[in-house]
Amino acid sequence: MDLVTVRTVRMPSHRADLSLAAGERPLAGGTWLFSEEQPDLTGLVDLTTLGWPDVEYSDDTLTIAATCTIASLLRLAPDPGWRAWPLVDRCANALLASFKVWNSATVGGNVAVGLPAGAMTALLVTLDATAVVWTADGGERRVPVSELVLGVRTLDLGDGDVIRAFEVPRRALTATTGYRRVSLSPHGRSGALVTARWSTDGFVLVVTAATPRPLVLRFGTVPSAETLDAALAGYDDWYDDPHGSPDWRRAVSTRFAHELRDEAAIDTDSVAGGAA
Ligand SMILES: Cc1cc2nc3c(=O)[nH]c(=O)nc-3n(C[C@H](O)[C@H](O)[C@H](O)COP(=O)(O)OP(=O)(O)OC[C@H]3O[C@@H](n4cnc5c(N)ncnc54)[C@H](O)[C@@H]3O)c2cc1C
């Protein structure tokens, strides 16, 4: 859609050009920005002209630029030991979007929109990623992605803050991941998306789409079914919108959580058995 209030589109090449004036907002892939009215928007600042490399590697971290498109992430050849990598494909397919949208939509844009069904948020939270935020005053801060998304369309970002990248620890990439998703119709938006990661470091369960913000449950080992039930029983903020009622979301998320727990229990038993 035409954004009729927009008067300027800036194309920064350095961080110094990035500072956002009142009424300006970052433009990434534009797939959400141009999909609905933006009444207060008077200017766009195109992040893609900053030339951030899609990914960078260090000994212990994979850094994914906020401007990396979902398509580019899917094309990345994982290291042989990255057992978690199938989760990238699954989360990309969890979006109610075709490959045409994948070619423009960015990882950072999906997180920044802050929708419950933000599958890149689910991916990054499951992989224990940290967001690198360039703050409006020229500084930088790091915040776990699990704490960056605070609620529906609400992020822990100040005015003028921009997400620069996501740092994914390599140790998370070598863990095993699991995934379950459901929607009310075959091509509907996710009603519940439950992901998990497990290794000898423990078991992490992440619920998105069914909750206004990511629900993250961490355990030192694969929990018993009773322990998992007790942890889920302590949570009472299930999302309510046309994509599912809170009761239904709680029920399917609980079932998926148990399925993933069972998968992890069998997996870790067989690892322990193999090592014995
Ligand atoms: C067909 C279709 C299906 C979709 N399905 C889903 C779905 O199933 N689940 C879901 O969650 N979403 C869905 N979306 C919306 C989706 O979140 C976005 O389209 C996409 O992920 C946004 O990425 P983008 O790069 O295009 O962001 P843009 O549209 O460019 O920007 C989105 C917002 O984030 C801000 N922003 C972008 N990058 C940054 C940054 N680095 N730092 C700070 N702010 C930033 C922008 O200012 C803007 O407010 C769908 C969209 C379409 C068109």
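With +1 on each Lys and Arg Cβ and -1 on each Asp and Glu Cβ, and nothing else charged, work out how big the dipole of region 176-275 is about its Cα centre, in Debye to the nearest 20.
Values: 10 positive and 13 negative charges, 67 e Å.
That gives a dipole near 320 debye.
Ranked highest first by the average count of other Cβ atoms within 10 Å around their residues, in what order do 184-192, 141-149 fall?
Numbers: 184-192: 15.9, 141-149: 18.6.
Most protected by this proxy first, the peptides run 141-149, 184-192.
Roughly how many nanometres apart are two label points built 7 Å out from the Cα toward the Cβ at residue 266 and residue 143?
Reported label-point gap for residue 266 and residue 143 is 4.0 nm.
What is the helix-to-structure angle for 246-275, meaning the angle in degrees between its Cα long axis and the longest Cα principal axis of the chain, kept from 0 to 90 and rounded to the nearest 10?
Taking Cα atoms only, the helix is inclined about 60 degrees.
Give a residue-ordered list of calculated ³J(HN,Hα) values for region 121-129 (Karplus: 6.51 cos²θ - 1.76 cosθ + 1.60, θ = phi - 60°; whole Hz; x for Gly, Pro).
Each residue's phi maps through the Karplus curve to give 5, 4, 4, 5, 5, 5, 8, 6, 6 Hz.
Taking the Cα centroid of region 203-276 and of region 1-61, what is the distance between the two, rounded to the nearest whole Å?
36 Å
Quick check for me: using +1 on Lys/Arg Cβ and -1 on Asp/Glu Cβ, what's the dipole size of region 83-157 about its Cα centre, in debye to the nearest 20? Each step should come with its number before you reach the end.
Values: 6 positive and 6 negative charges, 54 e Å.
Using only the charged Cβ atoms, the result is roughly 260 debye.
Given the -39500 (n - 2.57) contribution per DSSP H run of 4+ residues, what per-residue ellipticity at 222 nm results for the chain, rounded to the nearest 500 deg cm²/dmol?
Computed mean residue ellipticity for the chain: -8500 deg cm²/dmol.
Please go through region 23-60 and write out the GluC sites (Glu not before Pro) that DSSP classes as loop and that have at most 11 other C-beta atoms within 10 Å. Spell out each step's value before the answer.
Details: sites: 24, 36, 37, 56; in loops: 36, 37.
Here the GluC sites (Glu not before Pro) that fit, given the DSSP loop and packing criteria, are 36, 37.
Ordered by residue, what ³J(HN,Hα) values in Hz, to whole numbers, does region 192-205 give under the Karplus form 6.51 cos²θ - 1.76 cosθ + 1.60, where θ = phi - 60° and Gly and Pro are x?
Once rounded to whole Hz, the list reads 8, 10, 10, 10, 8, 9, 9, 6, 5, 6, x, 10, 10, 10.
Could you give the dipole magnitude of the chain about its Cα centre, charging the beta-carbon of Lys and Arg +1 and that of Asp and Glu -1, in debye to the nearest 20? Don't skip to the answer; put the middle values down first.
On the way: 24 positive and 34 negative charges, 92 e Å.
Its charge dipole is roughly 440 debye.
Given springs between every Cα pair under 10 Å in a Gaussian network model of the chain, which of 166, 203, 219 has the largest fluctuation?
Among 166, 203, 219, the largest mean-square fluctuation in the Gaussian network model of the chain belongs to 219.
Under the Karplus relation 6.51 cos²θ - 1.76 cosθ + 1.60, θ = phi - 60°, what is the ordered set of whole-Hz ³J(HN,Hα) values for region 159-175, x standing for Gly and Pro?
For region 159-175, the Karplus-derived couplings read 4, x, 6, 10, 6, 8, 6, 10, 9, 9, x, 4, 5, 6, 5, 8, 7 Hz, x marking Gly and Pro.
If the chain between residue 16 and residue 156 were fully stretched, how many nm would it gain, using 0.36 nm times the residue separation less the Cα-Cα distance? Mind showing how you got there, number by number?
Working: separation 140, 0.36 × 140 = 50.40 nm, distance 2.24 nm.
Here the answer is 48.2 nm.
Order 204-210, 86-92 from most to least packed using the mean count of other Cβ atoms within 10 Å. Write out the running numbers ahead of the final one.
On the way: 204-210: 27.6, 86-92: 20.3.
Going by the mean number of other Cβ atoms within 10 Å, highest first, we get 204-210, 86-92.
Pop a pseudo-label 7 angstrom from the Cα along the beta-carbon direction at both residue 8 and residue 60 and give the gap in nm to one decimal.
Once both label points are built, they end up 4.2 nm from each other.
Take the Cα pairs of region 146-274, get the Kirkwood Rh, then feed it into Stokes-Einstein at 4 °C and 1.567 mPa s and tell me D in µm²/s.
Values: Rh = 15.9 Å.
Diffusion coefficient, whole number: 81 µm²/s.
In region 8-49, how does Rg compare with the Kirkwood Rh, expressed as the Rg/Rh ratio over alpha carbon atoms? Don't skip to the answer; put the middle values down first.
Numbers: Rg = 10.2 Å, Rh = 10.6 Å.
Rg divided by Rh gives 0.96.
How big is the Kirkwood radius of the chain, worked out from every pair of different alpha carbons and given in Å to one decimal? Write down the numbers at each step before the final one.
Working: mean 1/r = 0.0514 Å⁻¹.
Here the Kirkwood hydrodynamic radius works out to 19.5 Å.
Given the options 82, 168, 126, identify the residue whose Cα lies farthest towards the positive end of the charge dipole of the chain (+1 on Cβ of Lys, Arg; -1 on Cβ of Asp, Glu).
The residue sitting most towards the positive pole is 82.
What is the percent carbon and sulfur in the accessible area of region 1-122, measuring with a 1.4 Å probe over the protein chains and ignoring ligands?
Numbers: 3220 of 5950 Å².
Its accessible area is 54 percent carbon and sulfur atoms.
The values are calculated or read from the model by the stated rules, or taken from the named source; none is laboratory data. Here the structure is a predicted model, which is why all the values come from computation and not from measurement. Please note: Cβ atoms are built from the backbone with ideal geometry, for glycine as well, and neighbour counts cover all protein chains shown. Heads up: the accessible areas ignore ligands, DNA and RNA and are worked out on the full protein's heavy atoms, side chains in. Shrake-Rupley method; radii C 1.70, N 1.55, O 1.52, S 1.80 Å.
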